[in-house]
Amino acid sequence: MHKALQSVVDFFGSQASLARELGVKRSTVNSWVHGRNKIPPEAAIKIEKLTNSKVNRKELRPDLFDTIS
């Protein structure tokens with residue numbers, strides 16, 4: 001499991017709790033956890049807001065949000 005994603009699951013207490021917060025099915029979160037699917041950019045942004053930036057979008061999707069300084 002991706003370290004940032006594990007932090008999010010830990011923050012919410014379970015995959016099911018995270019799924020409820022995001023308005024998705026638990027199976028969707030499970031597919032992210034096991035690498036079958038990537039977290040959509042909208043979900044990464046929402047996670048960043050819900051965790052008060054403890055886990056940010058760049059950690060969850062560096063392929064999309066990696067900014068050049």
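Every number in this text was worked out from the coordinates using simple rules, so none of it is lab data. Predicted model, so just to flag it, every value in this text is computed and none were measured. Heads up, the Cβs are rebuilt from the backbone with ideal geometry, glycines too, and the neighbour counts pull from every protein chain shown.
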> Does the stretch 17-53 hold any residues that are under 19 Å from Asp63 (Cβ atoms) and of a type in the set (D, E, K, R), and which are they?
Replying inline: Arg36, Lys38, Glu42, Lys46, Glu48
> Within the stretch 1-10, can you find the residues that are assigned to a helix (DSSP H, G or I) and within 19 Å of Phe65 (Cβ to Cβ)?
Replying inline: Lys3, Ala4, Leu5, Gln6, Ser7, Val8
